[in-house]
Each structure stands twice: as structure tokens, then as C-alpha cells.
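J.: Below: one structure in C-alpha cells.
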Amino acid sequence: MSYARTYEASQLDPARFWAKAAEGIDWFIPYELVLDDTRRPFYRWFSGGVMNTCYNALDRHVAGGRAEQIALIYDSPMTGQVQSITYGELLERVALFAGALRNLGVEKGDRVIIYMPMVPEAVVAMLACARIGAVHSVVFGGFAAKELATRIDDAQPTVIVAASCGLEPGKTVAYKPLLDEAIAISAHGPEACIILQRPELEANLIESRDVTWEQAIEGAEPTECVAVMATDPLYILYTSGTTGVPKGVVRDNGGHAVALNWSMRNVYGVEPGDTFWAASDVGWVVGHSYIVYGPLLAGCTSVLFEGKPVGTPDPGTFWRVIAEHNVKVLFTAPTAFRAIKRDDPTGSYLANYDLSGFKALFLAGERCDPDTLNWASEKLGVPVLDHWWQTETGWAVAGNPLGIELLGVKPGSAGVPIPGYRVDVVDDEGTIVPPGEIGSVVIRLPMPPGTLPTLWNNEAGYESSYLSRYPGYYLTGDAGFKDADGYISIMSRIDDIINVAGHRLSTGGMEEILADHPDVAECAVIGVDDDLKGQVPIGFVVLKSGVNRDHSEIVAELVAAVRERIGPVAAFKQATVVARLPKTRSGKILRSTMQKIAEAQSWSVPATIDDPVILEEIGEALSTIGYPKV
Ligand code: COA
Ligand code: AMP
């Protein structure tokens, strides 16, 4: 069926459309209602259905003849290892680790935090939670102790599973001290921690609390899948909100399994047995959906890559992985391709590898600049397809649904709405704007299965953050436009979120940290364009009167503080001291004008500002740290 007809079918009768997709999932007890709209604006999918996500990702494939097929390929240029794990082996490891979690008191509905690098045990731990109906919450390794502590306090885990260390180029990141510190500063303490000792750096254990991975599985009994309701939570994934407090996005079991399974074939064009590679991290939504759940639900082989696009060891690494493991579809962030293009502009490394099995590249996580998209399509000779989604939606909202129909590619646009989503662009009053006009990008309720049903323990926050701004719509927080053909372009955020190397961060969260510095009276953080990372943060601080310390010392302390409290992933490396911040008469800091000055975009003096000279001062301060870039 064509895209147009499939899309229309999804809009005319969503219940029928998703009931058909639900046939791709094994149910222990069939659902009673496809779409439960009895509590609008809160919708639930497949109410009354009983199933298990791990069963659908592993057991049914093993029972159905895929026991010997590779489920997971762990390819780690960081350790020089490549391991292939079959569906049969993965099931055994998951069932055993599920038994280990049980022995430590984890029951259905309990939370388990997973703070691990890109190792197979991270995937095993996630699936083991799903197996026993526990709710996992994976925390990205690049976050600092404070961020981990916030998540511990919100999720209140029974057990935390962590590794002794992560491996980054040129350094070993000790995870265990960060975990210990996080537990020390959080109000909630887990009953136990399971620590995977990596040979690169073993951790000291706290005897009364910590066990090694080996100790945990020793004597554990393999555990069967526990029946859960389709509407029960599978995981919580924290993501940046507009303050320093992250939002706990909840994912359910049934709708998630149906949507991801459907997306593998229809969005990405892969079939059971194909190899799919999402070059992301299990700590992000892309890793949850397309390293772990999507490929396994669909019976594909998934690649778990512990490395970087460049420097591990060279810009040909991606091509090596594609060729060696016969990857059919790769999914990554544009920043990875900007890094490869920077190090190998002519794509010379491609000549060393046979990419004949490679069929498409999907990009997401940040706006894809047309240059990067065009470079990738020219060098790879396969469709390069941008698509747009967010932690909250769990899978693509707009894109080019290769498995349904390959549509024309418009560089700069993220594509057309994926079946199941009705995307509108509205003005401040909620009126749909004409094609080509920028506005707030919203999704008409109900959103399809797989999207967030709520925020963890915070339904009121879910409603106020996403549903109340435009009744009947979900607010994406993105600004963009739709063209006359229905293609959607995502241009920026309407809030303080920035996107650094595909990582979503809140400048508000950074401002809270700068404001805590004893010498800082007030501050602002903005995101500015960056050739490699898409955006990077820059801080502006006004010092308290009487402070006459060396500015570079203060800036160094601010940089260290953000690294210490958010983590290295924030990439907060630049700040400058200013005499005052530009504000409107009502006291709102003119961040977007500051951003335009930093990016050498044209800007005009806002009518609401008292003293335009302040903007000149901002320009001068920026020039001392090399902005605007030439
Ligand atoms: N554990 C601990 N530290 C981590 C980490 C992890 N899992 N991931 C990143 N970091 C650290 C890095 O070591 C770096 O620290 P530094 O400031 O000491 O150098 C910092 O966090 C920033 O990392 P990163 O954003 O990866 O930047 P980079 O300069 O090291 O690499 C790219 C730049 C473009 C190569 C890299 O961002 C990349 O591979 N991106 C791929 C896209 C991607 O994964 N997107 C995710 C969403 S799809
Ligand atoms: P995250 O929740 O971390 O996946 O980040 C989601 C945000 O990243 C979105 O709300 C957008 O702001 C941005 N984003 C993701 N994909 C795209 C894309 N293809 N084009 C533009 N922005 C994107």
C-alpha cells in the first residue's frame, strides 16, 4: 500500500489500524479495547491485554526457530572485542539475570536503575527487568553523580545495576565512585547494587550493599516471563525538561511493543533476520527503541557498538562495522556524520569496505543540515533519510517511511508524518498556520501506541507540560513548519532545550548551576551553532559587586561545576563575564538576541529593551571567546 493510503487508513480508523499492527505481537490474553479514551486527555492503548515484552523480544523467536540466529553483535573498538550472541544465548543470560534480580528482592512493578556503558550486560539487564515486570530506568554514563542521584530519588529503585567503568577514547571513566557518590547524596538508598567488574578498571565494593555480576547470577534460577498488563510500565527514561529537574518519561509494554515492531518494517524497511544498527547509546531513547527493543521484537540482529565514529581508530569505523556485520540499515545522529566528514572529507575510507548489503541511513536526534545529508547520500549512494522524534514519543513522528514507500527526499526537512501521527503547526492562539509559516509543532491527540502515557508519578506535570497549552494537542516543544506537500521541518525549540551532539540538554539546568557559584549574581546560558556538535552552550555571568577575582579562574570553576553536576556530556566549556545582561522591561533575559549576536545572524534591537548598549557589550564579551566564529 502507498504511503498516502496507509496514512489515511491510520487517520480514518486508528483502532482498526493498530489492531492490525497488534497481530505482530504475542498476547497472553487479548486486549479488550484497542484505544481506551475513557479518561481524555489521557489515552491508553490495548487496555486489558496481557503480555510480556521480553517474551516478545526473545522467547517467541527462540520457540519459532531463531535460537541460532544472532540477536546481538557487541562490537567494541574500545576493547578490541567482537562478540555475537544468539537469540538462544541471550534468552539464557536474560532469564538467569532475571533470577538474580529476583533473589535481590526485585518484584513486578519495582524499579531498577541501570547505569552502564555500551556492554551486552546493559541489554541483558534491561530485558531481565522486562521479563519480571520490573521497571528499568537506564541512566546515560556521561551524566554525573548529581544527575544520577536525582533519578534515584525520583525512581526509588530496589536495585541499581552498574559497571565498574566506561571506556572513552583516551580515558577510562570510573562509574563506581559516581554511583557511590550518587547514593550518598540521594535520599533513597537501593537495597543492593550489582556491579559488572570490567577488567579495564575494577571497582571497590561496599560489602553490605554491592555484589558483582558473577556473584549475583551464581546460584540464581532462570526465571520465566511474568504476565504484565499492556498498560503497565516497561521503563522510565529521564529527559531534560525546562528546569534542572528531569522528566521521567514512562513507556508502557503493549503499545510500545506494537509500535516498535510495526516501525521496524514500515519505517526502516527491515525484515526479521536483517541486521540493524543504531549507533547511539542505551542511555538514550534511540538506544532503548532501536538498539534493544525494536530490532529484537522484530527478530532482527542488532549491533551494540562501543566506540565513536572517528578516532576508534579512524573515520572508516562505521564502514567496517557495516561491512563486517552486513548491516542493512544504520541509524545515527547527524553529528556522527559531521565528525566523519570533518576527518575524511573525501570519504576515502569507504573504498576499503564492501557496503553492498547496506540499504539506507536514517538520521535523527537533532536538525540535519542539508550539507551533511547531501554529503552522506553522495558518498554512500543509498537513501539518507532524516526523521524526527523525541524521548516522549519513543519512535518516529515524521520521516520517510522506507518500508511503506520511499518518498522524495527534501534536504532540511524531517519528512512527512508517520502513520498514526497527525502533526499540525499552530500559532500562539492555536490556529493552524499556512504552509511555510513557522509555528509551534503539535501532535493531535490521541498519539499512536508507544508514545508516553504519562510522566513517572507526575500526571499533573504531564498534563501541564504537554497537554494544557493547546487543548486536544500534545505540545512537542519544537518549532518548525510544514510545506505545501506536508513535509515537516523542525527548526528550533520553543523552550530552553539545546541539542549538543544529539544529546538533549536544558540551558536552564546549567543556569541553576552557574547561579549557585558564590561570586555570581546572575547568569544566562544559550546554545549556539557548532560545526561538529550542532549546538554548544555558552554561559554569561554577572559577578556580585565587590568580587574582583581573576575572571578566568571564575570561568574555570563554572566549567568544572557544570561538568561535576551535569556531567561531561553537557560540553559546557565556554563562559564569559559581563557587566549586565540584556533584559526586557519586564525582566526577561533576551537569550534569543544574544544567540543571534553569537551566530552573526541579523538582529534588531528589541523595542522592549531599556538600554541597547548592553547588546554591544554582549558582542564584545563574545568576541573575547571567539564568537561569532568566522
Ligand atoms: N560515559 C562517560 N563519559 C561520556 C560518555 C559516556 N557514555 N559519553 C560521552 N562522554 C563524555 C566524553 O568523553 C566527552 O568528555 P570530554 O569533555 O572529557 O572530552 C564528553 O562526554 C562529550 O562527549 P561527546 O558528546 O561524545 O563528544 P565527543 O567530542 O567526545 O565526540 C562525537 C563527538 C560527534 C564524535 C560524538 O558525540 C558522537 O559519536 N556522536 C554520535 C551520535 C550519538 O551518539 N548521538 C546520540 C543520540 S542518537
Ligand atoms: P530527545 O528527546 O533527546 O530524542 O530529543 C528530541 C529533540 O531533538 C526533539 O524535540 C527535537 O528538538 C530534536 N530532534 C530530534 N530529531 C530531530 C530531527 N530529525 N530534526 C530536527 N530536530 C530533531
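J.: Name every residue in region 7-30 that is surrounded by 18 or more Cβ atoms within 10 Å (Cβ to Cβ) and in a helix (DSSP H, G or I), in order of residue number.
T.: Scanning region 7-30 gives Y7, S10, P14, F17, W18, A21, A22.
J.: Between G80, G105, which is surrounded by fewer than 18 Cβ atoms within 10 Å (Cβ to Cβ) and more than 30 Å from T172 (Cα to Cα)?
T.: Exactly one residue qualifies, and that residue is G105.
J.: Okay, moving on. Criterion first (more than 19 Å from the chain's Cα centre (by Cα), part of a strand (DSSP E or B) and more than 16 Å from ligand 1 (Cβ to nearest atom)) does V409 satisfy it?
T.: When the stated conditions are applied, V409 does not pass them.
J.: Another question, then. Scan region 113-129 residue by residue and report those that are under 14 Å from I195 (Cα atoms) and outside any helix (DSSP H, G or I).
T.: Hits for region 113-129 are I113, I114, Y115, M116, P117, V119.
J.: Let me confirm something: among L361, L373, L330, which residue is among the aliphatic types (A, V, I, L, M), touching a strand residue (DSSP E or B) at 6+ places or on another chain (Cβ under 6 Å) and within 12 Å of ligand 1 (Cβ to nearest atom)?
T.: On the way: L361 fails: within 12 Å of ligand 1 (Cβ to nearest atom); L373 fails: within 12 Å of ligand 1 (Cβ to nearest atom).
Going through L361, L373, L330 in turn, the sole match is L330.
J.: Step by step: first the residues of region 347-368, then only those that are under 22 Å from the mean Cα position of the chain (by Cα) and without any contact (Cβ under 8 Å) to a residue 40 or more places away in the chain, then the one that is nearest to ligand 2 (Cβ to nearest atom). Which residue is that?
T.: Among those that are under 22 Å from the mean Cα position of the chain (by Cα) and without any contact (Cβ under 8 Å) to a residue 40 or more places away in the chain, it is L363.
One line per residue, one yes/no per condition, for (1) within 24 Å of V159 (Cα to Cα); (2) under 25 Å from the mean Cα position of the chain (by Cα):
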position: L33; (1), (2): no, no
position: A95; (1), (2): yes, no
position: G105; (1), (2): yes, no
position: G109; (1), (2): yes, yes
position: I113; (1), (2): yes, yes
position: M116; (1), (2): yes, yes
position: P120; (1), (2): yes, yes
position: A130; (1), (2): yes, yes
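J.: Here are some residues: K328, K308. Which one is assigned to a strand (DSSP E or B) and surrounded by fewer than 24 Cβ atoms within 10 Å (Cβ to Cβ)?
T.: None of the others qualify; the one that does is K328.
J.: Any idea which of D386, D344 is among the charged types (D, E, K, R) and more than 16 Å from ligand 2 (Cβ to nearest atom)? Step through it out loud before you land on a result.
T.: Working: D386 fails: more than 16 Å from ligand 2 (Cβ to nearest atom).
Step by step, each of D386, D344 is checked, and only D344 is among the charged types (D, E, K, R) and more than 16 Å from ligand 2 (Cβ to nearest atom).
J.: Tell me the residue from W262, W284, W277 that is within 23 Å of Y3 (Cβ to Cβ) and either away from ligand 2 (no atom under 16 Å from the Cβ) or out of contact with any Leu (no Cβ under 6 Å at 6 or more places or on another chain) (or both), please.
T.: Numbers: W284 fails: within 23 Å of Y3 (Cβ to Cβ); W277 fails: within 23 Å of Y3 (Cβ to Cβ).
Exactly one residue qualifies, and that residue is W262.
J.: Could you check, for region 91-112, whether at least one of its residues is in contact with a helix residue (DSSP H, G or I) (Cβ under 6 Å, 6 or more places away or on another chain), free of Cβ contacts under 8 Å to residues at least 60 places away in the same chain, in a strand (DSSP E or B) and closer than 20 Å to A220 by Cβ?
T.: Looking through region 91-112, at least one residue is in contact with a helix residue (DSSP H, G or I) (Cβ under 6 Å, 6 or more places away or on another chain), free of Cβ contacts under 8 Å to residues at least 60 places away in the same chain, in a strand (DSSP E or B) and closer than 20 Å to A220 by Cβ.
J.: Check off (1) more than 10 Å from ligand 2 (Cβ to nearest atom); (2) under 21 Å from K629 (Cβ atoms); (3) of a type in the set (A, V, I, L, M); (4) in a strand (DSSP E or B) for M510 and give me the number that stays unchecked.
T.: Unmet condition: (4).
Rule-based calculations on the coordinates, nothing more; no lab input. Every value quoted in this text rests on a predicted model; they were computed, and no experiment measured them. Reconstructed Cβ throughout: ideal geometry from the backbone, glycine too, with neighbour counts over all protein chains shown.
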